Amino acid sequence: MARVSQEHLDARRRQILDGAARCFARNGFHATSMQDVLKEVGLSAGAVYRYFPGKEDIIAAITEETFLVIRGAFEDAARMTPPPTPDALLGRVLGGVLSGQVHGLERRTFAALVVQLWSETLRDDRLSALLDEGYGAMRVAWAELVDAYRAAGTLRGEVSGDDVARTMIAVAQGFLVQEALFGDVRPEVVGNGLRGLMSITPQKIS
């Protein structure tokens, strides 16, 4: 019997994940059956179960991969030297995440899938652990970026690095939700909006 190459195995796994992601994005996790996935990818049950014992395992794999893409975009942007300002940074992150290269999904469909994955973590401990790990890593990466801002003299020393990191992550999450619900979220909108907020002159509170 001819040995199947790792390249073939990886391509088949990719085929299953991309097809399942299209199903989940279109119909939701709970309304999608394994039969729907098999039909979408054009494979037999045996071929799919060789890679994933069940639907929950496919969801977990898609969740991990999707979170890694988002986390990687944040970490890559945070490693840039010199560090770009937050408006440029978040525009770059969202532009990369919504580029349509994940599971072959167009940007609004991908954003909808991300929102579904987030909601699924509220009921699934396995997915929740993946999200916690990724979120923690992003907070660390962006807190390090805040240190770089301080070193460059562009951020006041009394501002908490973790507070800034969580705020930046929240902005990115909010724009992903906007893309999922309404569409037409362009990276330049994020950059322009943040640039406007950053230009506000702080006022003393009496």
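The values are calculated or read from the model by the stated rules, or taken from the named source; none is laboratory data. What you are looking at is a predicted structure, and each value in this text was computed from that prediction instead of being measured. Methodologically, a virtual Cβ is constructed for each residue, glycine included, from the backbone with ideal geometry; neighbour enumeration extends over all protein chains shown. For the accessible areas, the whole protein counts, side chains as well, though only heavy atoms, and no ligand, DNA or RNA atoms are used. Shrake-Rupley method; radii C 1.70, N 1.55, O 1.52, S 1.80 Å.
Of a type outside the set (A, V, I, L, M, F, W, C) and under 30 Å from ALA11 (Cβ atoms): is that true of GLY174 in this structure? Here the answer is no, as GLY174 does not meet what is asked. In the set (1) within 13 Å of PHE74 (Cβ to Cβ); (2) over 19 Å from the mean Cα position of the chain (by Cα); (3) of a type outside the set (D, E, K, R), the condition left unmet by GLN173 is number (2).
The C-beta contact set for region 5-22 (first residue open to solvent by 80 Å² or more (accessible area, probe 1.4 Å), second residue assigned to a helix (DSSP H, G or I), distance under 7 angstrom, 6+ apart or interchain) comprises ARG22/GLU40.
Checked against (1) open to solvent by less than 30 Å² (accessible area, probe 1.4 Å); (2) more than 19 Å from CYS23 (Cα to Cα), VAL159 passes all but a single condition, namely (1). Residue count for region 176-190 under the criterion of being in a helix (DSSP H, G or I), at pLDDT below 90 and either touching a Leu at 6+ places or on another chain (Cβ under 7 Å) or among the acidic types (Asp, Glu) (or both): the result is 3. Checked against (1) buried (at least 17 other Cβ atoms within 10 Å of the Cβ); (2) without any contact (Cβ under 8 Å) to a residue 12 or more places away in the chain; (3) not hydroxyl-bearing (Ser, Thr, Tyr), LEU98 passes all but a single condition, namely (2).
Rundown of residues vs (1) in contact (Cβ under 8 Å) with a residue 12 or more places away in the chain; (2) crowded, with 17+ Cβ neighbours inside 10 Å; (3) within 16 Å of PRO86 (Cα to Cα); (4) aromatic (Phe, Trp, Tyr), yes/no style:
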site: GLU144; (1), (2), (3), (4): yes, no, yes, no
site: ALA170; (1), (2), (3), (4): no, no, yes, no
site: VAL177; (1), (2), (3), (4): yes, no, no, no
site: LEU197; (1), (2), (3), (4): no, no, yes, no
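Residue count for region 101-114 satisfying the condition of being open to solvent by 10 Å² or more (accessible area, probe 1.4 Å) and assigned to a helix (DSSP H, G or I): 4.
Restricting to region 41-70, and then to whatever is more than 15 Å from VAL97 (Cβ to Cβ) and among the aromatic types (Phe, Trp, Tyr), can you tell me which residue is least open to solvent (accessible area, probe 1.4 Å)? Ranking the qualifying residues of region 41-70, first place goes to PHE52.
Taken over region 71-85, residues that are part of a helix (DSSP H, G or I), in contact (Cβ under 8 Å) with a residue 40 or more places away in the chain and either open to solvent by 30 Å² or more (accessible area, probe 1.4 Å) or over 18 Å from GLU188 (Cα atoms) (or both) amount to 3. Taking the criterion of being in a helix (DSSP H, G or I), in contact with a helix residue (DSSP H, G or I) (Cβ under 9 Å, 6 or more places away or on another chain) and under 13 Å from ILE59 (Cβ atoms), the residues of region 115-127 that qualify are GLN116, LEU117, TRP118, GLU120, ARG126, LEU127.
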